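Here the structure comes first, spelled out in structure tokens, and everything after it is commentary.
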Amino acid sequence: MSNEQKLSVYQPSEEFVKNAAIAGMDAYRALCKEAEDDYEGFWARHAREMLEWKEPFTKVLDESDAPFFKWFADGKLNVSYNCLDRNVNNGLGDKVAIIFEGDKGDVTRVTYKDLLARVSKFANALRSLGVQKGDRVVIYLPMSIEGVVAMQACARIGATHSIVFGGFSAHALRDRIEDAGAKVLITSDGQHRGGKALPLKPIADEALALGGTDCLQNVVVVKRTGGEVTMVDGRDVWLDDIVASQSETCEPEWVEAEHPLFVLYTSGSTGKPKGVQHSSGGYLLQAMMSMKYTFDIKPEDVFWCTADIGWVTGHTYITYGPLACGATEIVFEGVPTYPDAGRFWKMIQDHKVSIFYTAPTAIRSLIKAADNNPEVHPTKYDLSSLRLLGSVGEPINPAAWEWYYQNVGGGNCPIVDTFWQTETGAHMITPMPGATPMVPGSCTLPFPGIMAAVVDETGTEVPWGQGGILVVKRPWPAMIRTIWGDPERFKKSYYPDDFKGKLYLAGDGAIRDVDTGYFTITGRIDDVLNVSGHRMGTMEIESALVAHESVAEAAVVGRPDDVTGEAIVAFVVLKGARPTGDEAAKVIKELQNWVGHEIGPIAKPKDIRFGENLPKTRSGKIMRRLLRQLAKGEDILQDTSTLENPAILEQLKG
Ligand code: WTA
């Protein structure tokens, strides 16, 4: 590390350390050592201390069918019981579980007692529709209390939920319902976002009209916007109608620790999104452990994770982790820029938020907004309730980190830069806020018990200071269990033969600091882009583009973007002539909207360029490396004589 870098090391304040769950590096190292000395014992101790089991487990880790690992397999529990009943039984019935703030500023508070009653009624209603343990329920809901209630209700009766982000299109929804073989879909009439009422049920109708969803028996509709909806007789039911007569008590379904709590679809290297399947016991354990160690959660905290329940962050750090810990949390329907870009800061002030967890993209866009309008600068608000900040989903650039630290955290809140993935279930590499000296841009060191490493192509660990491939050497309780319906793809994607099936391949590159061993994530090493913290497969976008009648061929790459981290750039060959000028602008709009309709607005390419062909080798392989350079606006200086058609490069320049 150079001297200059050494200057930007931030220590947690003495005051923070004093009350921290992990107070100081010695305490952190002691936990890591406990895991190294007795790996199973470390996780088993936490699983006994943190979870309430109906039937205790006797076996910790079962590796007999590796890489299909099992944790606590003979134990039985219920996730919803652990999140709700347990807290009510422990005297937290009247504590506020959820402070919901709507897009328009309406606020609703739900206590643990109320939440348990609502979840029980919803669970009973699902049972009355015939939903049983192991059935799949797809949830296509906006950020709402009902979204959390629906997830918890599924957990209560042992149904496996699969949330589809409310910004996904009819096609994306259809594909996920079909792949999951869902029996019930839960949606709402619409959602409020940025001052507008947007439809959801009509998109769900469109999805079901596309066909292939015969598995589905019922659609449950939550009323939110009062927007017009068409109800199909015998299939569609209003939530209000089916919960009205239900009891407020519901006996939980006690499930095996390995029972699939949820399947969440995420993008991979190939076209088809993969259904990441998570367990009940191991998953909940690490949701709780990370609330305790990474977020240092205390009874008086007000916790706010700004993610949507449609992403894994919303699963672990809205629906499960905070509730299992008996915390008070914020659930926010709206967007950070409505009615103005001071919304987050105003909400922190109004609700006295003490732990705030958001994505670098949001921070970068709010920096821009505050630069343009001093009225929405965080220092205009009273943010003194904050004691801890978090970042997730993409690398945070040091400048954004510093701004967040100084202007939002007032220079005395630690920032936990948490690296993890849909597949990992919970934090993997992150500072412990009362222990780890922080370096902006580095997610620092592994969570206690996580055996992360950086290796070369042969799976051999590389020396610190040398970049390589990020892997995890031992299975961990909250890890992905399989890809829904495709165990082979699970093995190939995460436990490839290159590493003899022994190392979990994260799909990211990383480098460790020479002196400290701190990890810095250098970005995906596969064809996955990270746009505003959302994972997008380049192949998925390419498939959507070539599905358009006028497109012959398409290649999609990412380029760095100041606000969104990465931006999507598409190189397109049309079936007809290569368009230029106004005609090109028209086709670009059309293709952007097309991709928005096929996948969702988040997948729209920011930049589309047309060529008569794509740069290919003589064997016909698309030279993506060159496309990435072109996307960035770099000059191609290397020898391109191996290309079939070097002249094409000129056409594809921005
Ligand atoms: C990236 C989100 C750098 C990474 C929880 C990973 C990060 C992918 C960080 C997973 C971070 C997530 N620093 N990169 N702190 N957190 N990533 O599945 O590329 O939506 O593989 O899970 O986001 O995205 P996913």
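The values are calculated or read from the model by the stated rules, or taken from the named source; none is laboratory data. Just so we're clear, the structure is a prediction, and the values are computed from it rather than from any experiment. So basically every Cβ, Gly included, is an ideal-geometry build from the backbone, and we count neighbours across all protein chains shown. Note: areas computed on protein heavy atoms with side chains; ligands, DNA, RNA excluded. Shrake-Rupley method; radii C 1.70, N 1.55, O 1.52, S 1.80 Å.
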Restricting the first residue to the range 522-537 and requiring it to be under 11 Å from I568 (Cα atoms) and free of Cβ contacts under 8 Å to residues at least 60 places away in the same chain, which pairs with a second residue that is more than 9 Å from the ligand (Cβ to nearest atom) and assigned to a strand (DSSP E or B) meet a Cβ separation below 7 Å and a spacing of at least six or different chains? L529/M536; L529/G558; L529/E566; L529/I568
The range 453-472 residues that are on the phi < 0 side of the Ramachandran plot and open to solvent by less than 50 Å² (accessible area, probe 1.4 Å), paired with ones that are part of a loop (DSSP other than H, G, I, E, B) and among the basic types (K, R) (beta carbon under 8 Å, 6 or more apart): A453/K473
Filter the range 527-539 down to residues that are of a type outside the set (G, A, S) and away from the ligand (no atom under 11 Å from the Cβ) and give me whichever is farthest from the chain's Cα centre (by Cα). M539
Under 6 Å between Cβ atoms, which residue pairs at least 6 apart in sequence (or on different chains) link something in the range 414-441 that is under 21 Å from G523 (Cβ atoms) and of a type in the set (A, V, I, L, M) with a partner that is near the ligand (Cβ under 7 Å from one of its atoms) and assigned to a loop (DSSP other than H, G, I, E, B)? M428/W420; I429/C443
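Name the single residue that is nearest to the ligand (Cβ to nearest atom) among those in the range 497-521 being in a loop (DSSP other than H, G, I, E, B) and surrounded by fewer than 19 Cβ atoms within 10 Å (Cβ to Cβ).
D513
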Residue check: is G195 loosely packed, with under 14 Cβ neighbours inside 10 Å, touching an Asp or Glu at 6+ places or on another chain (Cβ under 8 Å) and within 24 Å of Q132 (Cβ to Cβ)? no
In the range 390-417, residues that are of a type outside the set (A, V, I, L, M, F, W, C), surrounded by fewer than 24 Cβ atoms within 10 Å (Cβ to Cβ) and closer than 22 Å to G509 by Cβ total 4
Checking E178, E228 in turn, the sole residue that is open to solvent by 60 Å² or more (accessible area, probe 1.4 Å), touching a strand residue (DSSP E or B) at 6+ places or on another chain (Cβ under 9 Å) and of a type in the set (D, E) turns out to be E228
Give the range 6-34 a look and list any residue that's charged (D, E, K, R) and under 16 Å from K292 (Cβ atoms), or say none. E34
Would you be able to tell me the number of residues in the range 550-586 that are under 24 Å from the mean Cα position of the chain (by Cα) and open to solvent by 60 Å² or more (accessible area, probe 1.4 Å)? 2
Complete set of residues in the range 243-267 that are under 18 Å from the mean Cα position of the chain (by Cα) and buried (at least 24 other Cβ atoms within 10 Å of the Cβ): L261, F262, V263, L264, Y265, S267
Apart from one, (1) within 15 Å of the ligand (Cβ to nearest atom); (2) of a type outside the set (V, I, T); (3) without any contact (Cβ under 8 Å) to a residue 40 or more places away in the chain all hold for K575; the odd one out is (1)
Out of the range 368-386, which residues are within 26 Å of the chain's Cα centre (by Cα) and either within 25 Å of V531 (Cβ to Cβ) or open to solvent by 60 Å² or more (accessible area, probe 1.4 Å) (or both)? K368, A369, P378
Could you give every pair whose Cβ atoms fall below 9 Å, whose first residue belongs to the range 372-398 and is more than 16 Å from the ligand (Cβ to nearest atom), and whose second residue is in a strand (DSSP E or B), counting only separations of at least 6 or pairs across chains? L383/F356; S385/V302; L386/I355; L386/F356; R387/I355
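Residues are listed down the side, and each one gets a yes or a no for (1) out of contact with any helix residue (DSSP H, G or I) (no Cβ under 6 Å at 6 or more places or on another chain); (2) surrounded by 18 or more Cβ atoms within 10 Å (Cβ to Cβ):
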position	(1), (2)
P56	yes, no
K59	yes, no
E63	yes, no
F68	yes, no
A73	yes, yes
V79	no, yes
C83	no, yes
L92	no, yes
Of a type outside the set (S, T, Y), open to solvent by 10 Å² or more (accessible area, probe 1.4 Å), in contact with a strand residue (DSSP E or B) (Cβ under 9 Å, 6 or more places away or on another chain) and within 15 Å of the ligand (Cβ to nearest atom), is that true of R524? yes
Could you list all residues from the range 305-320 that are within 23 Å of S532 (Cβ to Cβ), open to solvent by less than 10 Å² (accessible area, probe 1.4 Å) and touching a helix residue (DSSP H, G or I) at 6+ places or on another chain (Cβ under 7 Å)? C305, I309, T316, I318, T319
Given the criteria within 16 Å of the ligand (Cβ to nearest atom), farther than 30 Å from A370 by Cβ and open to solvent by 10 Å² or more (accessible area, probe 1.4 Å), does I599 qualify? yes
Among the residues of the range 420-462, the number that are touching a helix residue (DSSP H, G or I) at 6+ places or on another chain (Cβ under 7 Å), within 11 Å of the ligand (Cβ to nearest atom) and among the aliphatic types (A, V, I, L, M) is 1
Considering only the range 123-143, I want to know if a residue exists there that is touching a helix residue (DSSP H, G or I) at 6+ places or on another chain (Cβ under 8 Å), at negative phi and among the acidic types (D, E). no
